[in-house]
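This report concerns only the one structure given below.
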Amino acid sequence: MGKLVHSICFMCTVRCPIVVEVEDDEVKWIQGNPQVPGIEGALCAKGSAGVALLNDHERPQYPMIRTGERGAGQWRRATWDEALDYVAEKLKAIIDAHGGQSVVFGERTNLNTHISKTFMRAIGSPNHFTHDALCKGSVNTAFRSLTGYTDAQVGIDYANTKHIVLYGRNIFESLEIKPINALLDAMEKGAKVTYIDPRVTITATKAHRYWQIRPGTDLALNYALIHTILKENLYDAAYVRKWVSGLNELRAFVEPYTPEWAEKETGIPASEIVALAREVAESKPSVIFHYGYRGAHHPNEIHFRRSLIILNALMGSIEAKGGIFFKKGAKAAGRGDIGKYVQQEGLPKVTAPRFDGSGADKFPIADSTHGNPQMLAHAILNEDPYPIKALIANRFEPLQSIPDAGRLRKALDKLDLIVTVDVNFSEIAWYSDVILPESTYLERADSIQMASGLKPQLFIRKQAVSPRYDTKPAWMIWKELANRLGIGQFFPYESIEDIWNFQLKDMGVSIQDFDAKGFVALTDKQILWDRMEGIQFKTPSGKIELVSSLMEEAGIPSFVPYEPVPKPEEGTFRLTVGRCAVHTHVSTQNNLYLNELVPENVLWIHKDAAAKLGIKDGQMVEVESPVAVSRLKAKVTDTIHPEAVFMLHGFGKTVPAQTRACGKGASDALLQENISDTVGGSPALDHTLVKVRPVKD
Ligand SMILES: Nc1nc2c(c(=O)[nH]1)N[C@H]1C(S)=C(S)[C@@H](COP(=O)(O)OP(=O)(O)OC[C@H]3O[C@@H](n4cnc5c(=O)[nH]c(N)nc54)[C@H](O)[C@@H]3O)O[C@H]1N2
Ligand SMILES: Nc1nc2c(c(=O)[nH]1)N[C@H]1C(S)=C(S)[C@@H](COP(=O)(O)OP(=O)(O)OC[C@H]3O[C@@H](n4cnc5c(=O)[nH]c(N)nc54)[C@H](O)[C@@H]3O)O[C@H]1N2
Ligand code: SF4
Ligand SMILES: [Mo]
């Protein structure tokens, strides 16, 4: 047996703890860390396919500088010094001429985000954004409006639940290992699962109750559930009296939204809605109305996500065993906080407004620490609020993750500099001026992870093998770029050990403490507040504010009358999207192993609709949205609501260097219109209406 290295998987951002077996600098085996409770050796298919990423010759192998037109695929190999000098020189010229704010930096939140944020602060730009708004911005705002906490500060106690209600939270395909294991345990102990989705997913097949809801009408269902719960006094009266303000306003608001009214909107029989309300009430407070992971469906998203949290509040399940809870961090465990370079003294304060109107005019109450990347094309094309000249994309793929990719590609043409740091030839890498290849997660170590929760823990990613190619970790790239820009003093480290020591300095933990198990538990007992006495809500009133001070003070009403999403006309469908178990968003479609399992996406269409349009199973179809036209194969089925069509996210790649994925299937981001929930902050990824027609051969 070879040497065992503790690390953290990064085939997706769930970051499961892993153990990597290494022999002669080769990865022999990867498994979930057997010593971590809830993981116990488990790994998903994507996690196992990490070896194929490591050994992939179809990934960037050295720094590259563009020589032809953008996107033409003409490159010259560069040394790191050459490529970094090139980027630094261009950045310097741009910052001198247009100010730091003309540089925008987008990344998926990762362990080194405290370092990339430091880089942006040091160059004087407010424009660091993350993927958050595209994923769950509206959930984030909904939580802040009701509890004062962000969604990232909330967790779910799957293991002890008695009933979980999932709204398109396709947990058994769009997966995370720990929650799945915990939910399966709870189901074995008798927990009920209710699943609601216009499409029959794997989760639907495992649920005790499945409702094929009309797409876009979940809010109507929730208003009827709240109506019933209040009318029949099914809520946790003592908890609500203690912790909830605004109940009378809520009662008056939901008065017209009867189950009979909701039946017409959703297609779910009124009697069944009432039955669910009564059934969950019997299990309260160990009930979870899952508030959703990707909070990005429709422009009314904020009200939908708020309605889910309100249902939890009425069940008294917030901070209850088997309900949802506030995550506890290092402080709650009696430790000092983990060190973050972005909090170091001397970093300049940035005063320029953000490019995306986040926390300002365009998205007044969205979380501006994450920003609203869906504004990128608008901001560049209209120079609103000012000219943007450079984009740095790190571990983020705007051309497949932001709706209306065609418009964004046009906008990118206006930029003086595009730099991508990636482990794959992503669409944005291929459209860049410079590609700086990062070492894969198996070839590098990263900043320590603080995992808040009922039992806060620290995890570590150690380097398993040496880099296969001429690549570097991102934390080193930012430092070397900073040195060239004269801001190197904000990156006071030479090695990963320096970073770790800095992070741990106030925590009473040393690097050696990770040796035994690959993680350090900061407490051995769960920290749950007393749900009747000790919950520390962070709203001004210290309560769950149904009438929200955050919203009302911004002039945004907490309750607005229900407005139905437009019904598709004959021959038109609501384009719904999602993930499958063996791919990560837009990252793994070219992975040797995963590509073999699911090589392309197809368009799910109801058999009656297909028959009317003359579409046969497996036939090529054309999908036309208001912004683009694409082709992919049809999957004719009776397992999708007739008003919807569905496709997997992340396909339709155009980069020839990714030979396995290029030209396979269609890209949802190309077809989707860029429409947002301007209160919550998320784009409406399931809102676009499309026409579908057969392609005659
Ligand atoms: N394998 C895998 N797992 C992942 C990820 C991954 O990329 N791959 N990504 C992770 C991330 S970042 C996220 S955000 C989560 C996403 O987790 P989920 O939100 O569970 O995932 P999606 O796959 O987007 O599934 C969305 C579902 O919503 C349904 N839907 C569409 N319209 C409606 C509607 O009007 N009402 C209802 N009720 N349902 C609707 C779709 O049919 C689809 O099944 O998954 C995480 N886990
Ligand atoms: N159209 C559309 N847009 C969406 C969604 C959708 O369903 N449809 N889903 C939304 C959701 S829920 C989310 S969470 C976001 C996700 O959006 P993204 O974060 O953009 O998607 P990912 O596929 O996770 O990763 C993006 C890039 O990171 C690169 N990468 C992977 N590992 C590494 C690494 O170790 N280092 C570096 N430097 N790069 C790496 C990948 O190669 C890929 O190019 O997208 C959102 N946007
Ligand atoms: S869910 Fe799978 S791919 Fe994601 S971190 Fe865990 S093992 Fe890796
Ligand atoms: Mo996400």
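The values are calculated or read from the model by the stated rules, or taken from the named source; none is laboratory data. Computed from a prediction, not measured in an experiment: that's the story for all the values here. Every residue, glycine as well, gets a Cβ built from its backbone with ideal geometry; the counts of neighbours run over all protein chains shown. When the accessible area is computed, the model is the full protein with side chains, heavy atoms only, and any ligands, DNA or RNA have been set aside. Shrake-Rupley method; radii C 1.70, N 1.55, O 1.52, S 1.80 Å.
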Probe 1.4 Å, all protein chains in place: accessible area of Arg251 in Å², nearest 10?
80 Å²
Using only the alpha carbons of region 138-222, what is the convex hull's orientation-averaged projected area in square nanometres?
6.0 nm²
Report the extension gain between Glu624 and Lys612 in nm, rounded to one decimal, defined as 0.36 nm multiplied by the number of residues separating them, less their alpha carbon distance.
2.6 nm
For the Ile180, Lys525 Cβ pair and Förster radius 25 Å, calculated FRET efficiency rounded to 0.05 is 0.50
The chain - charge dipole about Cα centre, Lys and Arg +1 at Cβ, Asp and Glu -1, debye rounded to 20
500 debye
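Listed here are the pairs Lys264/Lys633; Lys46/Lys136; Lys117/Lys517; Lys331/Lys472; Lys46/Lys525; Lys607/Lys691; which of them are more than 25 Å apart at the Cα?
Correct reply: Lys264/Lys633; Lys117/Lys517; Lys331/Lys472; Lys46/Lys525.
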Apply the Karplus parameterisation 6.51 cos²θ - 1.76 cosθ + 1.60, with θ equal to phi minus 60°, to every residue of region 588-595 and state each ³J(HN,Hα) to the nearest whole Hz, in sequence, with x for glycine and proline.
10, 4, 9, 5, 3, 6, 6, 4
Please report Rg over Rh for the chain, where both radii come from the alpha carbon positions and Rh follows the Kirkwood definition.
0.95
Just the Kirkwood number for region 572-694, please: inverse of mean 1/r across all distinct Cα pairs, in Å, one decimal.
14.8 Å
Tell me the per residue accessible area of the chain using a 1.4 Å probe; a whole number in Å² is fine.
36 Å²
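Under 14 Å from the Cβ of Lys633, count the other residues' Cβ atoms, weight Lys and Arg +1, Asp and Glu -1, and hand me the total.
+1
Mind ranking His370, His57 by accessible surface for me, highest first, 1.4 Å probe?
His57, His370
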How large a share of the accessible area of the chain, in percent, is made up of carbon and sulfur atoms when the probe is 1.4 Å and the other protein chains stay in place?
50 percent
For Tyr257, what accessible area in Å² do you get when you roll a 1.4 Å probe over the heavy atoms of the protein chains, rounding to the nearest 10?
20 Å²
The local net charge around Val465, scoring Lys/Arg +1 and Asp/Glu -1 for residues other than Val465 whose Cβ lies under 12 Å from its Cβ, equals -1
How about Lys616: which aspartates and glutamates have a C-alpha closer than 17 Å to its C-alpha, ignoring those fewer than 8 places off in the same chain?
Asp608, Asp638, Asp697
Write down the percent of antiparallel bridges among all DSSP beta bridges whose residues are both part of the chain, to the nearest 5.
50 percent
Taking amide H positions as placed in the peptide plane 1.01 Å from N, state which residues far from Ala644 in sequence (5 or more) or on other chains have amide H under 5 Å from it.
Arg574
Give me the net charge for the shell around Gln101: Cβ to Cβ below 14 angstrom, other residues only, Lys and Arg +1, Asp and Glu -1.
0
Where does each of Ile95, Ile318 land when they are ordered by accessible area, with a 1.4 Å probe and the largest first?
Ile95, Ile318
Towards the positive end of the charge dipole of the chain, with charges on Cβ (+1 Lys, Arg; -1 Asp, Glu), say which of Pro492, His6, Ala657 has the farthest Cα.
His6
Quick one: which of 385-395, 493-503 comes out on top by average Cβ neighbours within 10 Å, and what's the full order, highest first?
385-395, 493-503
Gain upon complete extension [Trp29, Glu600; 0.36 nm per residue less C-alpha separation]
202.8 nm
Given a Förster distance of 45 angstrom, what is the FRET efficiency for Arg70 paired with Ala516, based on the Cβ-Cβ distance and rounded to 0.05?
0.35
Note down the Stokes-Einstein diffusion coefficient of region 495-646 in µm²/s, whole number, using a Kirkwood radius over alpha carbon pairs, 25 °C, and 0.890 mPa s.
110 µm²/s
Among Leu84, His303, Ala275, pick out the residue whose Cα is farthest towards the positive end of the charge dipole of the chain, where Lys and Arg carry +1 and Asp and Glu carry -1 on C-beta, about the Cα centre.
Ala275
For Lys691, what accessible surface area do you get with a 1.4 Å probe? Give it in Å², rounded to 10.
110 Å²
Using a Förster distance of 41 angstrom, determine the FRET efficiency expected from the C-beta separation of Thr205 and Met532, and round it to 0.05.
0.60
Do you know the relative contact order of the chain, to the nearest whole percent, from alpha carbon pairs under 8 angstrom that are 6+ apart?
20 percent
Keeping every protein chain in place, order Tyr469, Tyr593 by accessible area at 1.4 Å, biggest value first, i.e. largest first.
Tyr593, Tyr469
13 Å Cα-Cα reach of Lys284 towards aspartates and glutamates, excluding residues that sit fewer than 8 places from it in its own chain:
Asp236, Glu319
Quick one: putting +1 on the C-beta of Lys and Arg, -1 on the C-beta of Asp and Glu, what dipole do you get for region 572-694 around its Cα centre, in Debye to the nearest 20?
360 debye
